[in-house]
Structures are given as C-alpha cells and as structure tokens.
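The values are calculated or read from the model by the stated rules, or taken from the named source; none is laboratory data. What you see is a predicted model; the values in this text were computed from it and never measured. With ideal geometry, Cβ positions are generated from the backbone for all residues, glycine too; neighbour counts draw on all protein chains shown.
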Amino acid sequence: QVSRKLVDSADIIVFENLNINGMLKNHHLAKHIQDHAWGKLIQFTQGKAAKAGKVVELVDARCTSQKCSQCGIMVPKTLADRVHLCPKCGLEMDRDLNASINIRTLGLRGRAYRDAANNQPVSDVGSPGI
C-alpha cells in the first residue's frame, strides 16, 4: 500500500541506497530493519513505478545527515544529535529532514545528468510531488 501511494503521488521517487545486508549485522538495528522490510518497499516501488512510467532513483546516503542542505558545509553530528544546526548559515531543523532534503537533491541531480546525457529535456526534473 505504501509503494502504491508513493508511485501515485510522484513522478520521481528517491530512496537511499542503503547496504541493508550490512545493517542487518548490527544487532541493535537488525530487528527494526527486518520489521519495516525496507528492501521490499524499494523493490515493490520500483516494480510499480516501472509499470506506471515513473522513476525510482537510489542515491548514496553517505554524509546526507552531516551536510547542510542550505549552504553545503559539513556539520559533524553523532547519532544522538537529532537537530541540524549550521554554524555558517544558521539553518536549524530536524536532522532527518535535513538529510531528506539532501537525498532528494542528489536524486534529482542524478536524474538530470542522465536525462542530459540521453538528450532528454531536463526541465521536468523539478516536477511536483517529490
């Protein structure tokens, strides 16, 4: 149901390309990862998106929570730090929201580069619903 809602709500869906098998080796995370079936959600979404003519982008998640989504500097945090507070530009927001903005930006850039390389119009990259 979640994958159907995602595909129905957006033309481009961006996920972190997480090493789920590696994360399952961490005993503190393993139960939560299996309970939420992250890999299955991505697979289901990719299948439904392909049938609907939509796109699923997988992006490298490294540093997405450390990088300021407004000015781009690295703001080191521990996992316990739940708020992103940039000393350069003053941006203050939830750490996960900051990371999600960075992930979306990476997904849109990757799509734009592929479209440009294939001589496709790049203007559709910023379509609503992302």
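Filter region 64-76 down to the residues that are without any contact (Cβ under 8 Å) to a residue 24 or more places away in the chain, closer than 19 Å to GLU16 by Cα and either assigned by TED's automatic domain parsing to the domain that holds GLU16 or not small (Gly, Ala, Ser) (or both) and list them by number.
If the condition is that a residue be without any contact (Cβ under 8 Å) to a residue 24 or more places away in the chain, closer than 19 Å to GLU16 by Cα and either assigned by TED's automatic domain parsing to the domain that holds GLU16 or not small (Gly, Ala, Ser) (or both), then GLN66, MET74 are the ones that fit.
Name the residue that is modelled with the lowest pLDDT, counting only residues in region 1-42 that are among the charged types (D, E, K, R) and surrounded by fewer than 16 Cβ atoms within 10 Å (Cβ to Cβ).
If we take residues in region 1-42 being among the charged types (D, E, K, R) and surrounded by fewer than 16 Cβ atoms within 10 Å (Cβ to Cβ), then ASP35 is modelled with the lowest pLDDT.
Can we say VAL59 is modelled with pLDDT of 90 or more and within 23 Å of ARG109 (Cα to Cα)?
yes
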